Amino acid sequence: MNPSNQNLYARFHTAFAPTLERVAIETDHGDQYTFGDLDQHTARMANWLQSLGLQSGDRVMVQVEKSVPALLFYLACLRTGVVYVPLNTAYQAAELTYFIENAEPSVFVCDPARESDLLALTQRLGVAHLATLDATGKGSLMDAALTQAPQQTIQPMQSDELAAILYTSGTTGRSKGAQLTHGNLASNAQTLLSYWDWQNVDVLIHALPIFHVHGLFVAVHCALLNASKMLWMGKFNPQQVLDWLPQATVFMGVPTLYVRLLQEKTLDAAVCSHMRLFISGSAPLLTETFEAWQARTDHTILERYGMSETAMLTSNPCRAEEGPRKGGTVGRPLPDVQLRCVDEHDAPRAQGDVGAIQVKGPNVFPGYWRMPEANAKEFTADGWFRTGDVGRIDVDGYVTIVGRSKDLIITGGYNVYPAEVEGFINDMAGVDESAVIGCPHRDFGEGVVAVVVAKPGVTLDPSELSQQLKGQIAGFKVPKHFFVVTELPRNVMGKVQKNLLRQTYEKVFEGA
Ligand code: AMP
């Protein structure tokens with residue numbers, strides 16, 4: 001192996017090469033792959049990509065169901081030095097047209113069921129090769145890979161060369177392609193490995209989708225860099241998680257997975273006694289969930305914060321000597337990450353004051369794919385990336401996210417941070433969860449609106465909620481309307497889609 005090769009796959013290979021016969025992945029269908037199998041399959045797929053004439057820097061776009069072969073194909077792309085571009089399986093033809101035109105991939109991999117629909121589209125847009133892969137790993141990609149040799153020389157890469165492009169969820173305007181380099185991903189994985197104290201004996205339950213930073217980078221990279229076994233689930237299944245807990249040590253989930261697991265009657269401290277670490281991220285973890293988990297399992301969830309553009313930025317401590325895990329916070333900046341909260345002139349706010357979060361570090365992406373205007377806007381002249389999140393840093397250095405800057409409500413000239421109001425509403429008797437949004441208002445610019453979900457069997461009275469809140473927070477923060485709904489719209493990563501709520505309620509103040 002070339003010791004100066006900065007290819008991320010080369011790092012994984014160095015980690016697992018001494019243990020090729022050990023099981024790397026065991027699936028919920030009982031399939032097993034050793035590290036040797038993983039290395040051989042990825043070599044075959046890499047050879048196939050090279051046989052098509054692909055070179056480092058070429059893009060490969062993938063829209064398939066989660067499966068081990070889909071993961072192996074990601075690793076094969078790393079090996080070959082081509083840029084992996086995963087897409088959410090929910091995207092339809094109009095969205096795919098945009099992504100293909102923007103990224104200009106040489107290869108597109110889809111589910112066999114969509115092949116005939118996508119053939120004309122990909123041909124029209126100049127994609128040279130269309131291949132298929134289904135949820136069980138069958139398809140033309142696998143057929144072609146199996147004709148190739150199981151050895152391959154890992155492509156030498158520099159740390160600033162691209163490994164992947166992740167399209168942001170694009171809740172406002174067009175989705176942007178966040179470019180991640182081999183160096184970005186390697187440095188973040190290495191930092192997490194040591195900060196989260198990964199051990200030889202660690203076994204990870206992999207329950208997340210693999211088209212997103214959480215499941216694809218955080219979970220997979222930590223496990224591979226530590227040569228740890230992954231217990232691999234195609235789709236999240238709470239009972240399967242419970243069955244695996246006694247042989248696992250690490251679980252990573254979005255908050256909704258924790259909520260779903262808490263609904264399982266058999267979840268208790270005994271079933272979690274073999275576990276070392278429960279990690280949550282990608283969306284805010286409610287204090288109620290954090291506390292309920294502690295009470296039921298004797299484990300304190302470690303909440304961390306990151307995004308597609310930067311991978312992980314902050315984390316609550318893993319080791320007790322580094323401090324407590326504080327619920328409602330996302331912990332401190334990771335060792336090599338700089339994070340600050342600033343005002344509208346990019347000047348740092350006083351400690352404890354709310355401001356826009358900006359970050360710097362070896363994990364921060366070099367910019368969006370082919371979007372010079374966005375890059376000029378999203379980075380300061382001295383290289384800080386504007387995350388779009390708003391937060392504050394407490395006296396111990398812990399960060400609290402109060403919302404996205406685009407979700408900030410300005411009503412009659414006053415700033416209202418939705419997360420603060422949601423916190424008060426969520427603490428009220430009978431409330432399960434809530435989302436606070438701003439809707440157009442002729443006098444105030446925006447008016448505050450709350451969308452609330454009741455606990456099962458409870459009937460909430462909106463005027464009662466409003467009355468209770470008036471005694472607790474300033475009048476301008478109290479929502480002028482409360483809507484009680486059965487559930488909040490969420491995307492697959494558990495994030496509440498406030499853009500959809502704003503659309504639904506955009507006319508509530510008409511005539512006000
Ligand atoms: P994505 O790029 O899809 O991972 O989305 C990143 C965004 O998710 C961040 O900019 C935050 O707004 C949000 N996010 C991620 N982790 C957390 C967390 N632990 N608490 C609150 N928001 C989070």
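The values are calculated or read from the model by the stated rules, or taken from the named source; none is laboratory data. Note that the coordinates shown come from a computational prediction; the quantities given were computed from them, not determined experimentally. Cβ: placed from backbone, ideal geometry, glycine included. Neighbour counts: every protein chain shown. Ligands, DNA and RNA are excluded from the accessible area calculation, which covers all protein heavy atoms including side chains. Shrake-Rupley method; radii C 1.70, N 1.55, O 1.52, S 1.80 Å.
Cβ under 15 Å from residue 349's Cβ, residue 349 left aside: what net charge do those residues give with Lys, Arg +1 and Asp, Glu -1? Summing Lys/Arg as +1 and Asp/Glu as -1 gives -3. Between amide H atoms placed 1.01 Å from N, distances below 5 Å from residue 431 occur with 455, all of them 5 or more places distant or on a separate chain.
Largest accessible area first, the residues 410, 401, 100 order themselves as 410, 401, 100 under a 1.4 Å probe with ligands, DNA and RNA left out. Averaging the Cα positions of each part gives two centres, and for region 63-120 and region 125-203 these lie 11 Å apart. Electrostatic tally near residue 202: other residues with Cβ closer than 11 Å to its Cβ, Lys and Arg +1, Asp and Glu -1, net +1.
Note on the chain: with neighbouring protein chains present and a 1.4 Å probe, carbon and sulfur make up 50 percent of its accessible heavy-atom surface. Taking each of 480/507; 406/470; 138/176; 406/477 in turn, the alpha-carbon distance tops 19 angstrom for 406/470; 138/176.
DSSP assigns beta bridges within region 409-504; of those with both partners inside it, close to 75 percent run antiparallel. Between residue 443 and residue 101, what FRET efficiency follows from the Cβ-Cβ distance if R0 is 35 Å, with the result rounded to 0.05? Working from the Cβ atoms, E equals 0.25. How would region 398-442 be classified by its alpha-carbon gyration tensor: rounded, prolate or oblate, with rounded meaning a/c under 1.5 and the a/b versus b/c comparison settling the rest? Judged from the Cα gyration tensor, region 398-442 comes out oblate (a/c at least 1.5, b/c at or above a/b). Relative to the dominant Cα principal axis of the chain, helix 68-80 is inclined by about 70°.
For residue 240 and residue 88, FRET efficiency with R0 = 25 Å and r from the beta-carbon atoms, rounded to 0.05? That gives a FRET efficiency of 0.65. In a fully extended conformation the segment linking residue 125 and residue 298 would gain 56.9 nm over its present Cα-Cα distance, using 0.36 nm per residue. Applying 0.36 nm per residue to the separation of residue 262 and residue 377 and subtracting their alpha-carbon distance, the gain on full extension is 37.2 nm. With 0.36 nm allotted per residue and the present C-alpha distance subtracted, the residue 405-residue 319 stretch has 27.8 nm of extension available.
Taking every protein chain into account, the 1.4 Å probe leaves residue 41 with about 50 Å² of accessible area, to the nearest ten.
In the chain, the longest principal axis of the Cα atoms and the axis of helix 182-195 are about 70 degrees apart. Helix-derived [θ] at 222 nm for the chain: sum -39500 (n - 2.57) over DSSP H runs of at least 4, divide by residue count, nearest 500? Only helices count here, giving -8000 deg cm²/dmol.
Once you reduce region 252-326 and region 435-502 to the center of their Cα atoms, the two points are 26 Å from each other. Pairing the Cα long axis of helix 93-103 with the longest principal axis of the chain, what angle in degrees results, from 0 to 90 and rounded to the nearest 10? Value to nearest ten degrees: 70. Please compute the net charge surrounding residue 80, taking Lys and Arg as +1 and Asp and Glu as -1 over other residues with Cβ under 13 Å from its Cβ. Neighbourhood net charge equals +1.
Listed by chain and number, the aspartates and glutamates whose C-alpha is less than 19 Å from the C-alpha of residue 455, apart from same-chain residues fewer than 8 away, are 264, 288, 291, 422, 427, 432, 433, 464, 487.
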